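Values quoted throughout were computed directly from the atomic coordinates according to the rules given, and no laboratory measurement underlies them. None of the values given here were measured: they were computed from a predicted structure. Glycine gets a Cβ as well: all are built from the backbone with ideal geometry, and neighbour counts include every protein chain shown.
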Amino acid sequence: MRNETSCSIIRDLLPNYAEGLTSPETSEVVKAHLETCHTCRSLYEDYQKPVDIPQPEEIKTDKKLIRKIWYQSMWYLFWPCLYAVFLKAGWEKQALTIFGTFAAVVFTALFTFPAYDIYFDDEKKKEYYSREEKHLKRGNGNWFVRNLIWLLPILIPILVEGISQLIVYVKG
């Protein structure tokens, strides 16, 4: 019984002993035990063996995804910069007209794009709804919302100007 208890204590200490984390007194006790106990010595030798940890596969650059991110970034940066140029030049009204026209055209195009089931045969409906289901599960929203988000950098200056005009009207 004493040997089994001693072995269980040594086995608890072995990971720290193998790493050199035990005190000198504890190390001496463990070392003395390993000289007499074949089972614990075998376990200690297993702790000494190098462990092969599989490395994750190299992440391959998805050029299509990077290009998409780059285009989206340029799109979201272009409109505020263009609006800033119009403001700097003193063309607020022209900017709002251009932005409003462009937003209306894009918004109208959203409804003319064949994304509704009346344009699809049964096989294409399955593919379309399967893709939409994946987008919804990822939290990307439906087709309409995803495309409407592209209008945000165009609509925000219009909304800001509209709200500021409303505030001036209410105060005046």
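Quick notes on this one:
- Label zone of Ile156 (point 7 Å out along Cα→Cβ, amide N under 16 Å): in the range 60-82 this covers 72-82.
- Positive-pole candidate from Ile9, Cys37, Asn147, dipole of the chain, charges at beta carbon: Asn147
- The distance between label points at Cys7 and Trp75 comes to 6.8 nm (points 7 Å beyond Cα on the Cα→Cβ vector).
- Taking the chain, the Cys residues with no second Cys beta-carbon under 4.7 angstrom are Cys7, Cys81.
- Under the membrane-span-like helix rule (DSSP H runs whose alpha carbons stretch at least 24 Å along the helix axis, mean Kyte-Doolittle hydropathy -0.5 or higher), the chain yields 63-89, 92-112, 152-171.
- Sites Arg138 and Lys64, calculated FRET efficiency, Cβ-Cβ separation with R0 25 Å, nearest 0.05: 0.90
- Lys, Arg +1 and Asp, Glu -1 on Cβ, resulting dipole of the range 2-48 about Cα centre, debye, nearest 20: 120 debye
- For the range 9-90, the set of GluC sites (Glu not before Pro) satisfying both a DSSP loop assignment and a count of at most 10 other C-beta atoms within 10 Å is given as Glu19, Glu57, Glu58.
- Dipole-positive endmost among Ile156, Leu77, Pro56 within the chain (Cβ charges, Cα centre): Ile156
- Inter-label distance, Leu166 to Tyr47: 7.1 nm, where each label sits 7 Å from its Cα along the C-beta direction.
- Over 23 Å [Cα-Cα, the chain], rounded percent: 69 percent
- Placing unit charges on the Cβ atoms only, positive for Lys and Arg and negative for Asp and Glu, gives the chain a dipole magnitude near 1080 debye about its Cα centre.
- Gain upon complete extension [Glu35, Ala109; 0.36 nm per residue less C-alpha separation]: 18.4 nm
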